[in-house]
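To start, the structure itself, in structure tokens.
Derivation of every value follows stated rules applied to the coordinates shown; laboratory data play no part. No experiment lies behind these values; they were computed from the predicted model shown. Here Cβ is always computed from backbone atoms with ideal geometry, including for glycine, and neighbour counts include all displayed protein chains.
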């Protein structure tokens, strides 16, 4: 073959190679675009699901704070609520418009929730609170249970079906105190640790399936917080033993002393201890003898020489011709003349 014949053949081979290497095939491009779209849709779905899960967990924490506030209400006022009475402030005004259905705003006003605590959860629903009093109230077997409901059920968007995924996320965030009205048992509100009728009480509202519920309770199964004295407690603690105060004590009203003693009577308590006489006179223990708490006058007496106290006037505070402990006798009267029949009498006043 001549050289001129080989040149066109080599050029045609190079052109064929370039044609085979140019661009993508249409089926391959379609598959690549489909996979990219599927990955984008899946990724966006994951982001949306994470956002919804975060909102559900935040709603669970929000409900938990309300449950803790209801628990505090039951701890403070369960005795009053068990008797069917209305808890009141120190000024005597009711704390709740309906004591068995306190509101989030009322809990905020009592300081049981932060002042800026939101009225709605991250999922957009508000809360309703109900307190149930057992038939044994008031009594030793009385139970007070509080339930915090979501005001609206959690429903899948565009349907009437409860969103079980969101409900599960809320329950997980709220711990073992959360439950719901489940579609299979709409007549109950159930959780891992509780089960109540739906509605909670006769004539009360019945909540739809998908409604979230958190439980708070106070009764014989929990600690009896009423036995403990609290700050600003308005009850009379009626302590049965001694009370020691390391610093000063202030009494805003009257002070009554129940101990009784008599002037001149021996006292076996520490000096400065206070008692009262049968006439209501305030006495203090002074040098192991009960004496009037006020003034420096310790009574008076007269003493005869040589006949002693037999012909003299005794001190009414001691019952003898002497001064109470801590007092000093000062002679205030007497005669210089003396005779065997009458003797000589000297009068004394007890001072300190």
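Label-to-label distance, residue 273 versus residue 342, with points set 7 angstrom from Cα along the beta-carbon direction: 4.6 nm.
Compactness check for region 34-220: Cα Rg over 2.2 N^0.38 Å is 1.16. Treating r as the C-beta distance of residue 332 and residue 310 and R0 as 22 Å, the FRET efficiency rounds to 0.55. Which residues among region 282-310 fall inside the zone where the amide N is under 19 Å from a point 7 Å beyond the Cα of residue 257, along Cα→Cβ? Answer for region 282-310: 282-299. Gain on full extension, evaluated as 0.36 nm per residue between residue 54 and residue 136 minus their Cα-Cα distance, stands at 25.3 nm.
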